[in-house]
Every structure is written in structure tokens, then in C-alpha cells.
Amino acid sequence: MKISKYQIFWIIASLEIGMVLLLTQSPAIEEAKQDAWISFVIAGFAGIGITFAAGKLSLLYPNKTFIQYSQSILGKWLGRIIVIPYFIHWLSVIGVIFRQSSEIIQMTLFTQTPIFILIVLLLLLVIYVNYIGGIESIGRCSEIMGPLILLMVIITLVLNFNNLEWDKILPVYTDSGLKSILKGGLTPVSFYGESVLIMMLLSFTEEPKKGVTCAIWGVGVVALLVTISTLEILMVFGANLSSRLWYPFFEMARYISLMRFIQNLEIIVTVIWIFSIFIKLSIYLFVSSYGIAQWLNIKNWRKVIWFVAIASIVLSLIYPNNNVASVSYLEQYWLPFVLPVNMILIPLLLWGIGVIRKNSKQIDK
Amino acid sequence: MIKRLKICLILLVCMFLTTGCWDEREINDRAIILGWGFDQNEEGDYIGSAQIVVPGEVGERSSGQGKGYIVETATGKSLLDVTQNLQRKLSREVFLSHQKVIVIGERLARNGISNILDVYSREPELPIRTNFFVLKNGEAFDFLEVPYKMEDMPSTAALKMFQSTAGPESTTFKDFLEGASSEGISPTVPILEIINSKKEKEKDTETFRLGGRAIFNQDLELVGFLSYRESVDRLWIINKLNTHKLTTNLLGEEGNVGIMGMNFKSKIQPIIQNDQVEFHITLSGTGVVRENNTALDLKQPKNLQIIERTFNKNLQDHMISTITKVQKEYKTDILGFGQSIHKKYPRKWKIWKKDWSKKFSDADITVKVDINIERTGVTGSPLHLKESEIQK
């Protein structure tokens, strides 16, 4: 299985943008008010930093996945233990994404369909793409879907130009202050930071070094588009209203009305947004099945897909309601644990030890 | 061959799985609601009236059958209750996505409307781009019953009236929510009025027209009305006036001059001195002369200047009287003056925002109007005047 460097760009860009647009803007605006766009600028740079660190770490062992090189760096047992937080992270997030996305599909498109059916249909699709070609077919899918997703975002942004009132972002800084701006950036960073997935993906690229550059570009493009869309949301709805809307970007898509006949675009936006969710779920499913297979030395990783699939259905249905699945998961697990440990601490730690080991080996030679 | 059959079978199964029929609702199973009206009765219960499309009869009105819509009402403790009770009267399922207009009766508006707003922002089916009106001197139910000849649906007529006279399209509900949720500006809603169009004795002469603006305080209770002309002043101050036809009498001349005003701009400059705030409001716009009932020859630049000066003077006087009325009578900042302080003096605003309505009503205001007449049409002086009557 091989993917090209452009496919890395499209995978990263399309897996990040969907959930970032859906879930990060409202909490960020709630915290930083009309200065939320500054939070997003800062978060964008932090996200690029996280991607850079993860990329550099993977480049130490360009032909091994994260599961393999953690054992090369820390030794067999410690290396195996340190990846356990990632399995928890991946498996739990698959469940949450399934739950949230089908909840939104149910809300906007199929109001009477049981959520279980939506989850199973989406899951079958995701299993199929993984079974048929693994990362290679996901890469190809994202090359087709990625441009559509970005186009959808850009069109939504352009069609709202006539609704903008730029003075709604004033006054800058005095209402929020540095602390609130940084706090508002926390949720976006934790979503941009999902690009640490390249630790598993880089070994499949033909040119790993350029793959890192492309991944950084992917995060950068997403960060830019999301920052612009936050600015537009603030200019359309104002800080007070948009902090209370759960999905301000979708609300903005519904708000489009041009020449009295370009209206009700939210359906198209939702459908294309599902593409992004599809890529994201497939990547997480691939990474966890492949990772578990390598971790337990199972030869045929495709067998693990079934285990992960069943686990993710269970994990998506255990939440009593949508609020627990989105808000509590984010506040009690994702922000205090995944962001600092899985996205920053472990990659940096492994990178540091890895560099020292490599250097000492060279000195030995 | 067998492989092909297998593929065909799989495709067939997929076809049945992905038809999307689960949520199918045929159009003739739906009661499409275009306009909602809300009132409150003496006991405090809400009365909701819905204008529902009768699909078969739309467009057939000319042939004399039906009127294309029906109006049904229901009462309840809350809006959800009202909808539930309404459904009991309807053979088709209530469908809200196409709703265009919400009308609030005056009594409900005076009692406060904060209890009926939440359902509109929570329900994903409902668009936030909705038109929101208050019916002056009446119940919203009466409005929905008024037949309107030019459009199939009276609700559509209301929103088209608003779009063609006043301003931005379908943003009144969002603007209202924005005003209600932020400090420094209070929400307003456009008014509809039921009037008699022709002679009173004739039947079927009731119709409605667009009025000015209903003023709500921060508790979302109706406190007063602006007339149509005053609401134009307000639109100009908050920079949302598109075009408007203005007419004025000339000082020292006989007759009046009318212009089509365009490119209206406004600038609010708060100046704070000794804990006292003063607002300088600069208003500008361009105009095209559309009507000249005086003897002035508009080819002469000096005559144009006379017109400009008179317009500036009269508009300024009217503007000051409007602002003073809002300040002294209603004590509610619907002009965004508080927001301008928030933007320019954010630190001061943090101290002031608590008792802003008092500060607002005490503030000094100066207004400067600058209308620039660009064109005068295709004649200088009126064509019907004799040479000797024209004033050069």
C-alpha cells in the first residue's frame, strides 16, 4: 500500500476541516467573543507546530509506522505500553464521530430515521473502503472528495459576502484579553492536532519528507479557511448570537440568500460535509485496525477491522444523549488528556529520545 | 457470468437499502405553513394562528374557487403546546421549513415576547432568515384573515412590502435576536397595520400596510412605536437605508421638490468629556431630483444649492426630533449609540453598560446632514411653465 504526497495533503485537509467547522467555532467564540478569529490564527500556528513535530519524529524512521518505531526508540515493552493511550484515543473518537455525525445527519436530513441505521450504513461504507484497498483507496477517495469539500467551504464563504458587517468585530482585544483568546484557541488546537495521525501514515508515502511538508500545508489551508469563516460568522451574526448557536457555520450556510433564488444551500453543505466525516472515519478505522494488528503481531490486519467496527458501534451508542457525546467527551477527555499527552507530550518525548539515540549510534559507528 | 449475477444482486440490494424512503412525506401529506401569528389572551395563554397553503387552490383564485390558503388557530401554554393543539385540527402534518413571516399581536408584544423566541432558534427545521412583524392595534389572527388581492398569500405580501420599501431582505428576525442578545442596542421590529383601503361602506376593503417600527426594551417588552418616517431616520442612522424618496417644501418659494435619495451613509462619533457623552452624527447621501413643483430652473447651480441647503436643514430638524423622541420618551437605545461607545471606548463601556439607558437619554446629540444632488433628470425647469414664469 502506497500513497502519494498530494494524497497526504488531501487526507489531512479533508479529515480536519469537517469537524473543525462543526464543533470548534461556537466554544471559541463563547470564550474569546469577537476576538475568536485571533484564537484561530494562534491555534493554526500551534497546529502546524504539532504537525511539524509529529512529522520530524516519523522521519527518524521513514519506513516504520508509529507502532513499530516507538518500540525501536523505547525498547520492546515500553514502546508497546506508550501506544496504549493512542488506541484509547482512536477507538473512542471513532465512536464519538459516528454518534455526532449521524446525530447531525438525522437532525438536518433524516429526522425520523433511527440513529442506529445511519451509523450502520456509514460504518458499512467505511469498512468497505478499508477492506478493498486500505490506505490506498482512502487516499484516492480523498483526492476526489477533498477538492469538493474545500470548494463547498469557499462557496459558502463567498456567497455570504453580501451579509457581512465588518464593524461587528470591533472592539479588538479589549473585551477579551490575552487569557480568553488563548483559552478560546484550545479547542481548535485540539482538533488541528489530529494531524498527529501522520505518524501512522508517513511510512506509506513514496517520499516521506515531502509528505510532511504536504501535511503541514494541509493543516495550514484548513486553518486559513476556518479563520476566514470565523471572521465571517462574527460579521454575520455578531459575537453574542454566534456563541450560542451550536453550529454557526451551518447556520451561515442556511443564511445565504442571493438574488432571492440561491437559498437553502445547507442541504448541499451537509452532504459534502459527510464526505469529510467519511474520510476521517476511514482513516481512524484504518489506523486503529492496522495499529492493533502490528501491536499484537497479527499478520492479516483486515481481520482486525471487524473487531474495531463492532467496538465502534458499541462506543457510539453508549452515550445517553448528544450532549454527553460532544460536550462532555470534549471537556473531560479530549481537552485535558488527548491534547497535552497524545498530541504534544508523547511525540515530543519520542522525538527527543529518538534524536539522542540516533546521534549516539552515529557516534558509535 | 455468475460474478456478474452476484454484482447485479448486490446492486439490487443496495437499491433497496438506499432509497431514502424512510422519511418520505408526500407534499399532499404536509400542511405547509407560510405565516404564523401569535397573540395572548387574558389568562396568559398563547394563541397561535397559522396560514396554511391549500396546494390545489393556489393560482385558481381567478376562477373564483377558494382563496389558496386557510387560517387555523389553537391555544396553548407555550408555542410547542400551540403547535401540538394545532395539529389536532389538521389532517396533514405541520411543516415549518417554508415559513416566511411571524406576526405578533400588540397585546402579546406589550406583555413581553421572550417566552416565544426560543422555539424558533432551537428547531433545526426553522430558518433563521425569517421576517418578524408586530401588528399595531390588533391581533395577529386578524392580520392573517385579511385577504390580499395581489399575492396568493397575504404573508408573502407582507414580506414583499417590507423588501420593496425599507431595507434588507428577511433579516428582521436575526436582527431582532442580535439586538436582544447584545448590550448597547435594543431590538426593534417593523410594524404592520390593518387599514381600510377604499370607501368604508364597501365590503372586502380591508387591507394592510407597512408601518414604522416597534421598540422593545431589554426585557423584550414593547414600549412604543416609531412612525414610518421616523423609522426611515433610524435606518439611516444605523446605516441600513438603501433608497428613499424625500420631499420638502422650499423656504421662500412656492411648491416643493422631491428627490430620490441614494447611497445613504452615517457616522456616529461618541465624544466623552467629564463623564458626559456627546454624539456627533454625520449623515450623507446623494439624490436625484425627481419632482420639481417650483419655478426654479435647475440648470442654475445656485438653485441646486438652495435645494440642497433646504434638504439638509429639514432632514436635520426631523432627525433631531426623532432622536429626541427616542431618548426622552422611550429611553431605549435602538440606534446603536451604545455600540459605538463599545467600539470606541471599550473600557468606559464596561462601567457604563449597566445603566446605559439613563446615560443614553441624557446624552447630547448634534446632527449634520449632507445631501449631494447629482442629477436633475432630463429637464431644467418644469416644461409646462412659460418663459416668464421661470426663475433663473
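Just so it is clear, none of the values below were taken in a lab; they were calculated from the coordinates. As the structure is a prediction and not an experimental result, all values here were calculated from the model. Here the Cβ is made from the backbone with ideal geometry for all residues, glycine too, and neighbour counts use every protein chain on show.
Okay, here's what the table says:
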item: Rounded to 5, percent antiparallel among DSSP beta bridges of the range B:228-392; result: 60
item: Dimensionless Rg/Rh of the range B:84-185 - Kirkwood Rh, Rg from C-alpha atoms; result: 0.96
item: For the range B:27-226: relative contact order, % (alpha-carbon pairs under 8 angstrom, 6 or more apart); result: 19
item: Cα coordinate range in the range A:80-146, projected on the principal axes (Å, largest first); result: 44, 29, 20
item: Compactness of the range A:263-332 - radius of gyration and Dmax, Cα, Å; result: 15.9, 54
item: Computed E for A:K56/A:Y333 - FRET, C-beta separation, R0 30 angstrom, nearest 0.05; result: 0.65
item: Reference-scaled alpha-carbon Rg (2.2 N^0.38 Å with N residues) for the protein assembly as shown; result: 1.16
item: Linear extension gain, B:Q269 paired with B:S121, 0.36 nm per residue minus alpha-carbon span; result: 49.9 nm
item: Radius of gyration, Dmax [the range B:268-392; alpha carbons; angstrom]; result: 20.5, 66
item: Among B:G212, B:G252, B:G44: highest mean-square fluctuation, GNM of chain B, C-alpha pairs under 10 Å; result: B:G252
item: Two-site label geometry, B:S91 and B:K313: point separation in nm, points 7 Å out along Cα→Cβ; result: 6.8
item: Three-way shape call for the range A:39-79 based on the alpha-carbon gyration tensor, with the a/c threshold at 1.5; result: prolate
item: Inter-site label distance for B:S321 and B:K344 at 7 Å from Cα along Cβ, in nm; result: 2.7
item: Residue (of A:L224, A:I94, A:T111) at the positive-pole extreme of the range A:5-352, dipole from beta-carbon charges; result: A:I94
item: Highest-MSF residue in chain B out of B:P270, B:P190, B:P55 [GNM, Cα springs under 10 Å]; result: B:P55
item: Counting all C-alpha pairs of the range B:27-226, share separated by more than 31 Å (%); result: 14
item: Point-to-point label distance, A:I117-A:I353, nm (Cα→Cβ direction, 7 Å offset); result: 5.0
item: A:S243, A:S276 arranged by Cβ crowding within 10 Å, fewest neighbours leading; result: A:S243, A:S276
item: Candidate lysines - alpha carbon under 28 Å from A:K2, same-chain residues fewer than 8 apart omitted; result: A:K56, A:K64, A:K76, A:K209, A:K210, A:K280, A:K299, A:K303, A:K358
item: 10 Å binning of all Cα-Cα separations within chain B, expressed as whole percents from 0 upward; result: 4, 19, 23, 21, 16, 10, 4, 2, 1, 0, 0
item: Relative contact order (percent, whole number), the range B:228-392, Cα cutoff 8 Å, 6+ residue spacing; result: 29
item: Taking A:I11, A:I292 and counting other C-beta atoms within 10 Å, the order from fewest to most; result: A:I292, A:I11
item: The range A:115-191 - Rg over Rh from alpha carbon coordinates, Kirkwood radius; result: 1.18
item: Among B:L220, B:L80, B:L177, residue whose mean-square fluctuation peaks in a GNM of chain B (springs only between Cα atoms under 10 Å); result: B:L80
item: Amide N proximity, the range A:256-279 versus B:Q163 label position 7 Å along Cα-to-Cβ, cut-off under 19 Å; result: A:256-266
item: Charge dipole (the range B:228-392, unit charges on Cβ, about Cα centre) - positive-most of B:I271, B:T286, B:G258; result: B:I271
item: In sequence order, calculated HN-Hα J values of the range A:21-36 (Karplus, 6.51, -1.76, 1.60; Hz; x Gly/Pro); result: 5, 7, 10, 8, 6, 4, x, 5, 5, 4, 7, 9, 6, 6, 9, 4
item: Förster-model FRET efficiency, 45 Å R0, B:K302 and B:E145, C-beta, rounded to 0.05; result: 0.20
item: Distant-in-sequence amide H partners of B:T376 (H built 1.01 Å from N, under 5 Å); result: B:V289
item: Share antiparallel - DSSP beta bridges, chain B, percent rounded to 5; result: 65
item: Equivalent ellipsoid semi-axes - Cα gyration tensor, chain A, angstrom; result: 34, 24, 18
item: Separation between Cα centres of the range A:136-186 and the range B:317-392, rounded to whole Å; result: 37
